[in-house]
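Before any comments, here is the structure.
The values are calculated or read from the model by the stated rules, or taken from the named source; none is laboratory data. This structure is a prediction, so every number in the text was calculated from the model and none was measured. Virtual Cβ from ideal backbone geometry, glycine too; neighbours counted across all protein chains shown.
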Amino acid sequence: MKIFLALCLVATALAVEDVLRGVLKSPRETLQLYGSFKAKEHLKYAASEDRMRFRLFRANAQFVASANEEESGAVFGLNFFSAMTEDEKQQYLGLNVTGHGENPFHVSSSPSKVPERILWTDSSQVTAVKNQGSCGSCWTFGAVGGLETRYQQVSGKLRNFAEQEYLDCVYEGSRNGCNGGWPSDCYEYSKKNGGRLASTANYPYAAKDGSCTGSSRPDAMIAAKIIGFMDVSPSEKANIEALAEGSLSVAFQVTNYFQQYRGGVINDNTCTGRPNHAVTAVGYTPSFVLVKNSWGSSWGDKGFVKFARGYPEDCGLFKYSSYPRLEATGVKDTHPKDAATTYKPSEDDDVNPDPQPDPNCEDVAVNCEKYYCQWSNIAEKYCRKTCELCNDGDGGDCPSGTIRCDDGICRHEHMC
């Protein structure tokens, strides 16, 4: 099975090379792809800005094509970062490392032997992927993610806790939380305020720092209170041991490879050593650590990313991890449990599923993948079979999921 998945990843990378490189060789097709990209992302620019954005898009498309040619085991693709400036990309981070060094080494109290594989997503102990937007609040999402499975284990209830309370309250009066922060400061805030944290339902995320109203919102920490936090010793072994007990807030350095990640197992060797993003580790296997990001489900592997075990030390993934210390209150949490993510990596590892299109129709490019069906000029010219866009030739019904456009060609409705 592992060999099959590896072959799928390599085949997918070759498909991107064949298709995207072909598009980039044609200025006309590159412009068409850019137009499709803007339509998908709902982007509109004035003429002068549009020229600048096109240059950024083309450079990122070239980067994606080159990254996939490396056949590293990860797959990269175009996404909402593909026409952003570097300053705009920075707004989607938010880890403020000032005054924080790597965690100190200490003797672990965890057992030296842990299960070979634990994915908290498989046991419905992780909420759905969220989206921080262009507010640098990743530190709040990392902290809340590090709390979820641990509260569930005490209470028996998965709760969707409020990043907005941390965003509004942790640095109230000192700085804007969208300008960055540190996850363990969130746990300290809760400790100083009776161990509390509201639910997202009672304190919704607004993607901006507002006035702190935590004391007037219902406390969702019913069965347990936050009484502090624990730093994890800065080694992969210690992180796996801690992750075997529950989710972790982790930090690392985001690079261009990570921003354009779409699937597979990433092993980035381009880090320079300064962490700038906080996320949540939610499980591991012998080959990867599963991480939940906060950029929405359209990014990456449905919002998740698989980091290779032995991830480069310069990226810092295992050096800044923490989790909250909880104390049971003896009170039963009678609230309904919140929704868990439906993402299951054991079922989603195949990034290029067989679409089983019309066998009488062929792709022009080799190993097209469904991902490219969202771009009309790629779908129609290179990947008609994969995207189920073949005309049946006899006036009959179009393939499932398509309609017959005015020109008689079967396409997805948005392509007509």
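Structure summary
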item: Filtered residue count, the stretch 167-223, keeping only those that are part of a helix (DSSP H, G or I) and within 24 Å of the chain's Cα centre (by Cα); result: 10
item: Residues of the stretch 33-62 that turn out to be among the acidic types (D, E) and touching a residue at least 12 places away in the same chain (Cβ under 8 Å), as a count; result: 1
item: Residue that is of a type in the set (F, W, Y) and under 19 Å from K381 (Cα atoms), where the choices are F76, F37; result: F37
item: Selection within the stretch 160-186 - charged (D, E, K, R) and surrounded by 24 or more Cβ atoms within 10 Å (Cβ to Cβ); result: E163, E165
item: Any chance P234 is surrounded by fewer than 18 Cβ atoms within 10 Å (Cβ to Cβ), at pLDDT 95 or above and outside the structural domain of A67 (by TED's automatic domain parsing); result: no
item: Residue within the stretch 97-111 that is within 18 Å of the chain's Cα centre (by Cα) and hydrophobic (A, V, I, L, M, F, W, C) present; result: no
item: Only one of D301, D209, D268 that is closer than 19 Å to G181 by Cα, charged (D, E, K, R) and touching a residue at least 12 places away in the same chain (Cβ under 8 Å); result: D209
item: Residue within the stretch 288-303 that is at pLDDT 95 or above, over 30 Å from F37 (Cβ atoms) and touching a Gly at 6+ places or on another chain (Cβ under 7 Å) present; result: no
item: Hey, F252 surrounded by 22 or more Cβ atoms within 10 Å (Cβ to Cβ), in contact with a Leu (Cβ under 8 Å, 6 or more places away or on another chain), closer than 23 Å to T121 by Cα and assigned by TED's automatic domain parsing to the domain that holds P312 or not; result: yes
